[in-house]
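One structure below.
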Amino acid sequence: MSHILERINSPADLTPLTIGEMEQLAVELRRLIIDTVAENGGHLASSLGAVELTLALYKVFRPPQDKVVWDVGHQAYAHKILTGRRDRFSTLRQKGGITGFPRRAESIYDIFGVGHASTSVSAAVGLAAARDISGRGEHVIAVIGDGAMTGGEVFEALNHAGDLKKNLIVILNDNGLSIDGHSGALSDYLSCLRITPEYIRAKHEIEGLIKHIPRIGETVYKTASIIKESVKSAIVPGGLFEELGFRYVGPVDGHNLKLLTEMFTEVSQLDGPILVHVRTKKGKGYMPAEMEPEKFHGVGPFDVISGQIKKKAAPPSYTQVFSDTLRELARENRDIVAITAAMPSGTGLKAFAEEFPDRFFDVGIAEEHAVTMAGGMAAGGVRPVVAIYSSFMQRSYDQIFHDICLQNVPVLLCLDRAGLVGEDGATHHGVFDLSYLRSLPNMTIMAPKDENELRQMLAAAFTYNRPVAIRYPRGAGLGVEIRKELRPVEYGRSERIEIPEVDVAAAPITILAVGSQVDNARQAAMQLKDMGIDTAVVNMRFIKPLDLDLITAVVNNPATKLIVTAEENVLAGGFGSGVLEAIVDLGAAVPVLRFGIGDEFVPNGTQREEREYCGLLPEQMAEKISDRYKKAVGKQL
C-alpha cells in the first residue's frame, strides 16, 4: 500500500490528491496520531475526529497565506502533521519536542497560539480586521468545537463579527462533547439542528407569493421584514447564528471528504461572515476512543490493541483525595454544593455529581459565570465549592475580585493542577494563582504539603466564613497515611517539619515552603545536613495570611543567617514576595533566597524535567542554598 503521508510536507501537497487518495491519507494520519499518543499521551479523541475536516480545509484553502485559527488546539494534531512537522511528531509533548497545542514560535502555520477554550473567533475577527486595514485579501478561518461554544467570549466575538460584516469563516466542529458530556441550552440547540434545505425553498416560495400580490405585492415584500424574519426563525436550523449576522451553512457530515471539499470550495466564494456547521465523531477511527471519548480526550500512554491505559502503581492523586473528602463533608453538611466549568471528571466532581445530582452544577466552559454564580449562592446561604484548574481560574479574576472578595462571601475555590503540570506545557501550568489571588482583600489562600493535609484544609475551609482558595498539584500524592479523622488546621498557623538531629533554635538557615515544595525543602535540608549545615524547614500552609509570629521569630533569632522561600509559583508577587514584604515591614535586614518560577513561560516536559528547568529539585536547591549561605556568612564575618 502506498504511503501517501510520506509525500506530504505542506498543505500545498494536498492539491493534486484525488478524493480516494485523501481518504487513504486520513487512515495514515489516524494511525500516526494513535501510535504517537499511545507512547507520549495527549489529546487523542478530538484530533481523530477532525482528520477529514483538516484535510478538506487545507485542500481548498492556502495556509499560511489563508489564516486558520484552531480553538483550544485539542483537535490540531492532523494540522501539525500536515504543516511540516510529520518527522518531528514523535516528539509530541516531550522535552525539546513539539508542543501539544498550536504555538506561534513553532511554525508559520500556527497563526495564533492557543490552549484555552473559546478564543479563536475573537482572534479571527482581529486577523480579519488587520487584513482589511492592510488591504490584503486572504481568507480568515476559525475552527471551534461545540464545547468551546459554551464560552461567553465566543458570543461576544460572533456578535461583533456579525456587526462588522467582514469576510470571515467560522467552522463549528460539532462532535457532541467537550471533555465531558455537554450541559446547557446551547448543547440542546445544536443537537436539534439538521440539514434543512426546506428553508431556502420555503423562503423563495414565500417571497414569490408576496411579490405576486396585485398592485401592492412589491411594497408588501419590501416592508414585511418582520414576517420574513419570523418565517426564517421558524424554519432555518441556524437561526441563532443568522440573527447574529452570520450566513449559516450545514450541518455537514464532517467525515465525507468529497462533500467537505465541495462545500468549502463554495463557501470560499461567499462574502461576509459565514458559519459552517460540521458534525464529526470524537475518536473517529479508533474504536476504544469512539466508545469512550471522555477517557481518550486527554490520555496518558496506552496500549493500542486493548486501549488500556498504562498506569503505574501510585498513591491516590490529590484530585481523588479532594473528591473523596468533599463527598464525605457533603454527607454531613447539606449546604455544600459543587460547581465546575465543563470538567467534572478532571476535577474529581463526577462522583459528587452522581451522589448529589441536585447539588452539582456544570456551567460549561464559562469560568466567569461559575465564580459569580458561586458568589450568588453563597449570598443565598449555601456553601459553594468551585473546582477549576488553576490555569483556567485565571479567566475569572475579575469575578473573584468583584463577586467573591468584595462581597466577602464564603466561596471555596479549589485550584487543581496548581504548579507545573507536565506535558501540556505553558498554557496549562498553574503557576500564577498565588500572585493573582494574594493581592485581593478578604482572600485566604492555603496549599497542602501532602494529600492528608489537603483533607484537613478542606474541612477547615468550611469553618471560615470568608473566601478561601486551596491550591494543590497535578498527579499522585506523596503516599503518606491518610487519616480518617478530619482535624481542621488552625487558621493562619504554620508547622515546623522535623529534620533529624537539627536544633531548630540554632539552625542558621530556615526554609519557608508551601505546597509541593515542602517535601523538596525537607529533602534539601537533609542534603544540607550531610554538608554540615543545619537547616530548619517550615510548612507555612497559609500563603495568606502569613504566619507573622513565625516569621518574626525566625527574623529575630540571632542564629538566623539566611531565610529561604520555596514555592511552585512565579516569583513575581508570589509567596516569596509576601515573605519579603513581611520582613521589610518588620524593619529587619536578613538575607533571603527565593525558589520559584522565573519571569518566563516554562516549556513542556515531564513535571520532573520542568522542575529541573526551574531549579526546584532538592539537589539543586541544596547546592544553591549552600552557596548563598557561605556568601552570607562571609559578609557577616
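How big is the equivalent ellipsoid of the chain along its three axes, where each semi-axis is √(5λ) from the Cα gyration tensor, reported in whole Å from largest to smallest?
So the equivalent ellipsoid measures 51, 28, 22 Å along its semi-axes.
Considering every pair of different Cα atoms, what Kirkwood radius, in Å, is found for segment 242-323?
Final number for the Kirkwood radius of segment 242-323 is 16.5 Å.
Give me the count of lysine pairs in segment 428-572 whose alpha carbons sit under 23 angstrom apart, restricted to pairs 8 or more positions apart or on different chains.
Taking the Cα cut-off of 23 Å, the pair count is 4.
So for the pair D503, V633, with labels modelled 7 Å out along Cα→Cβ, what separation do we get in nm?
1.5 nm
Over the chain, give the accessible area per residue in Å² for a 1.4 Å probe, as an integer.
41 Å²
Could you pull out which residues in segment 427-467 have an amide N less than 17 Å from a spot 7 Å beyond the Cα of Y491, following the Cα-Cβ vector?
441-447, 457-467
For the chain, what is the percent of antiparallel DSSP beta bridges, rounded to the nearest 5?
Approximately 15 percent, going by the DSSP bridge assignments.
Using the alpha carbons of segment 553-637, what is the convex hull volume per residue in cubic angstrom, as a whole number?
Output value, Cα hull per residue: 100 Å³.
Quickly estimate the mean residue ellipticity at 222 nm for the chain, helices only: each DSSP H run with n ≥ 4 gives -39500 (n - 2.57), and the total goes over all residues, rounded to 500.
Using -39500 (n - 2.57) per qualifying helix, the result is -11500 deg cm²/dmol.
Along its principal axes, what span do the Cα atoms of segment 481-554 show, with the longest given first and each in whole Å?
Principal extents (largest minus smallest coordinate, Cα): 38, 31, 19 Å.
Would you tally the net charge around E290, using a Cβ to Cβ cut-off of less than 13 Å, leaving E290 out, and scoring K and R as +1, D and E as -1?
Taking every other residue near E290 into account, the sum is +3.
May I ask for the percentage of alpha-carbon pairs in segment 14-54 that lie more than 17 Å from each other?
32 percent
Mean Kyte-Doolittle of at least -0.5 plus a Cα span of 30 Å or more along the axis: flag which DSSP H helices in the chain meet both, please.
Helix filter hits for the chain: 19-40.
How big, on average over all directions, is the shadow cast by the Cα convex hull of segment 325-369, in nm²?
3.1 nm²
Taking only C-alpha pairs under 8 Å that are 6+ residues apart, what is the relative contact order of the chain in percent?
About 11 percent, as a whole number.
Radius of gyration and Dmax for segment 415-545's Cα atoms, expressed in Å?
Rg and Dmax of segment 415-545, Cα atoms, are 15.6, 46 Å.
Would you mind computing Rg(Cα) / (2.2 N^0.38 Å) for segment 485-637, counting N as its residues?
1.01
How long, wide and thick is segment 296-409, going by the Cα atoms along their three principal axes, in whole angstroms, largest first?
53, 32, 23
Using a 1.4 angstrom probe on heavy atoms only, work out the carbon and sulfur share of the accessible area of the chain in %.
Summing carbon and sulfur atoms, their accessible area is 53 percent of the total for the chain.
Beyond a 31 Å Cα-Cα separation, which of these cross-linked pairs lie in this structure: K59/K166; K165/K258; K165/K350?
K165/K350
Expressed in nm to one decimal, what extension gain is obtained for the pair L548 and T15 from 0.36 nm per residue of sequence separation less their Cα-Cα distance?
Difference between extended and current length: 185.1 nm.
Remind me, what semi-axes does segment 597-637 give for its equivalent ellipsoid, largest first in whole Å, using sqrt of 5 times each Cα gyration tensor eigenvalue?
28, 11, 4
Need the list of aspartates and glutamates near K311 for cross-linking: C-alpha distance under 14 angstrom, and skip anything on the same chain fewer than eight residues off.
Filter leaves E39, D303.
Pulled fully out, how much extra length does the chain show between M291 and D35, if you take 0.36 nm times their separation in residues and subtract their Cα-Cα distance?
In short, 90.4 nm is gained.
To the nearest 20 debye, what is the magnitude of the charge dipole of the chain about its Cα centre, counting +1 on the Cβ of each Lys and Arg and -1 on the Cβ of each Asp and Glu?
520 debye
Place +1 on the Cβ of every Lys and Arg and -1 on the Cβ of every Asp and Glu in the chain, take the dipole about the Cα centre, and give the residue among V170, P467, I597 whose Cα lies farthest towards its positive end.
Sorting the options by dipole projection puts first V170.
Say the dipole of the chain comes from +1 at the beta carbon of Lys and Arg and -1 at that of Asp and Glu; which of G272, A124, H255 then lies farthest toward its positive end?
The residue sitting farthest along the positive end of the dipole is G272.
Please list, in order, the residues from segment 585-622 whose amide nitrogen is less than 16 Å from a point placed 7 Å along the Cα→Cβ vector of A572.
596-603
Work through the residues other than Y491 whose Cβ is under 14 Å from its Cβ and net out their charges, Lys, Arg +1 and Asp, Glu -1.
Computed value for this residue: +1.
Under a plain spin-label model, where a point goes 7 Å from the Cα along Cα-to-Cβ, how far apart in nm are H3 and Q65?
3.1 nm
Calculate the translational D of segment 31-143 in whole µm² s⁻¹ from Stokes-Einstein, where the hydrodynamic radius comes from the Kirkwood formula applied to all Cα pairs, the temperature is 25 °C and the viscosity 0.890 mPa s.
Answer from the Stokes-Einstein relation: 171 µm²/s.
Got a sec? Charge dipole of segment 274-418, +1 on Cβ for Lys and Arg, -1 for Asp and Glu; which of A378, V411, F352 is way out at the positive end?
Selected residue: F352.
The values are calculated or read from the model by the stated rules, or taken from the named source; none is laboratory data. Because the structure is a prediction, the values reported are computed rather than measured. Note that each Cβ is placed from the backbone with ideal geometry, even for glycine, and that neighbours are counted across all protein chains shown. To get the accessible areas, we keep the full protein, side chains included, count just its heavy atoms, and leave off ligands, DNA and RNA. Shrake-Rupley method; radii C 1.70, N 1.55, O 1.52, S 1.80 Å.
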